[in-house]
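The values are calculated or read from the model by the stated rules, or taken from the named source; none is laboratory data. Given the structure is predicted, the values throughout are model-derived calculations rather than measurements. We place every Cβ from the backbone using ideal geometry, glycine too, and count neighbours over all the protein chains shown. Surface areas here come from the heavy atoms of the whole protein model, side chains and all, with no ligands, DNA or RNA. Shrake-Rupley method; radii C 1.70, N 1.55, O 1.52, S 1.80 Å.
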Amino acid sequence: MRGQSEVIAALLMTAIVLAGFTIVWIFLYPRYLEWEREAGSTALESRLAASEWLVLGNTVFGSDRLGLTLVNTGSVELRVRAIYVNESLAWQGSLSLAPGQKGEVSTPLPRGGRVFWIKVCTARGNCWTFLEVNWTAPAAQPPPPPPPPPPPPPPAQPLFRITEYNNTIYGLPGSSANLVVEVANTGGSGGNCTVEVYDHQGNLVASSTAYIPVNSSERLTLALPLPNAPGIYLWEVKVLNLLTGAYDDSRSVTVVVSNELIRNGDFSQGSAYWDLESPWYVDTSMQLARIYTSVKGSMSASISQTFEIASAVTLTQLKLDYHMGASRPGQVEILQLVIKIENATATLWTGSINWQTNQNPTNGTYTAPLSLQLNPGTYRLRITAVLVTKQQSVDLDVRVDKVSLLAAAP
Ligand SMILES: [Ca+2]
């Protein structure tokens, strides 16, 4: 009995093992089949993918589209799924191409540039990249240079104008005469200027530099060296702007170099060369011609001097210092100095200096520019003191000094 039960147990064991195997087989076999099929399929797909090949048959650049002709040069059918232009997705779809078949695809054309990288990808994951050059497109232009910055507004600059000057200068040959020039700065800022004087030959003969604030004026005095030869010269005064280097203004100056016709005009030699009518006398301590007396009624008395003209000249300037004092001024009707240039028969020129009630004594320097042509001959300069009083007598103090009469070649 014991051997029988062992056989049965062995058989049962065998049956259980077989049943287990059967169950395992039934469970696993479909999976094995599926795995085998998938493996086969994968191997097939790999072989198919390896057999795919694609070229770009033609590329047409439009104004904004890119026409691509794709040719399947592989041995299996392929399906184009995506096209990239310069790494940007340009087309997506499904274009099946049998071996040897062509297909057309149109994609947008990116703007700018001539060189395009075109990548074509198939459903099996193959990608091919092609370099295409658009020779008809203009080469990429370098960006235009930025426009130049607008010029900065010009800095405010000084601007100089000659507002006043003595346009005629008188003097003796080889002497020095002052030119006074008033320069105004009418510009936008203060600045330095140089006033320059050029003689008739264009030589710089004097200059003076000054800083002039904006909207201000400066008076500059320049000592001009006068020519040695008597004559009338045309010089020029110019204002050089030291900031801009430009001459802002220029004027002409007439330079009259004359000979003195009056001798002992300063009365340093007493009354020499002078003819004095009473009550004129020469005050030798003050070195001047003087009336210093009490007068009632009317008076007219002169000092005079003759001068010779050897060849034709032009009288250019008459000048003298004067002083007219009266006491009491309320008694004065007329008090004046009358100046005349006479020849033997006539008065050729006359001028006068009037005493002024509100300025007693009336004094100063009298200067008369002249333009009187004289032929050779003898002439007389006469200075007459004229007084008209009221009822009472007047204490008179009249002085004349530094008498000058200049002549230049005509
Ligand atoms: Ca004197």
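Would you please name the residue that is farthest from Arg290 (Cα to Cα), looking only at residues in region 253-265 that are open to solvent by less than 60 Å² (accessible area, probe 1.4 Å) and more than 16 Å from the ligand (Cβ to nearest atom)?
Of everything passing the filter in region 253-265, Val253 is farthest from Arg290 (Cα to Cα).
Quick check on Thr221: is it open to solvent by 20 Å² or more (accessible area, probe 1.4 Å), part of a strand (DSSP E or B) and in contact with a strand residue (DSSP E or B) (Cβ under 7 Å, 6 or more places away or on another chain)?
Answer is yes for this residue.
When residues of region 360-410 are filtered for being away from the ligand (no atom under 16 Å from the Cβ), in a strand (DSSP E or B) and hydroxyl-bearing (Ser, Thr, Tyr), how many remain?
Total satisfying the criteria: 7.
What single numbered condition from (1) open to solvent by 40 Å² or more (accessible area, probe 1.4 Å); (2) away from the ligand (no atom under 16 Å from the Cβ); (3) on the phi < 0 side of the Ramachandran plot; (4) not β-branched (Val, Ile, Thr) fails to hold for Ser268?
Evaluating Ser268 over (1) open to solvent by 40 Å² or more (accessible area, probe 1.4 Å); (2) away from the ligand (no atom under 16 Å from the Cβ); (3) on the phi < 0 side of the Ramachandran plot; (4) not β-branched (Val, Ile, Thr) leaves (2) as the failure.
Give region 327-359 a look and list any residue that's surrounded by fewer than 17 Cβ atoms within 10 Å (Cβ to Cβ) and either in contact with a helix residue (DSSP H, G or I) (Cβ under 7 Å, 6 or more places away or on another chain) or part of a loop (DSSP other than H, G, I, E, B) (or both), or say none.
Arg328, Asn343, Ala344, Thr345, Ala346, Thr357, Asn358 - these are the residues of region 327-359 that are surrounded by fewer than 17 Cβ atoms within 10 Å (Cβ to Cβ) and either in contact with a helix residue (DSSP H, G or I) (Cβ under 7 Å, 6 or more places away or on another chain) or part of a loop (DSSP other than H, G, I, E, B) (or both).
Checking the condition within 16 Å of the ligand (Cβ to nearest atom) and on the phi > 0 side of the Ramachandran plot, which residue from Tyr322, Tyr292, Tyr273 passes? Please lay out each step first, then the result.
Values: Tyr322 fails: on the phi > 0 side of the Ramachandran plot; Tyr292 fails: on the phi > 0 side of the Ramachandran plot.
From the options Tyr322, Tyr292, Tyr273, the qualifying one is Tyr273.
What is the residue count in region 93-127 for residues that are loosely packed, with under 11 Cβ neighbours inside 10 Å and either touching a helix residue (DSSP H, G or I) at 6+ places or on another chain (Cβ under 9 Å) or acidic (Asp, Glu) (or both)?
1
Can you say whether Arg290 is open to solvent by less than 50 Å² (accessible area, probe 1.4 Å) and among the basic types (Lys, Arg), as far as the supplied structure shows? If you could, list the steps in order and put the result at the bottom.
Numbers: open to solvent by less than 50 Å² (accessible area, probe 1.4 Å): yes; among the basic types (Lys, Arg): yes.
Against the criterion (open to solvent by less than 50 Å² (accessible area, probe 1.4 Å) and among the basic types (Lys, Arg)), Arg290 qualifies.
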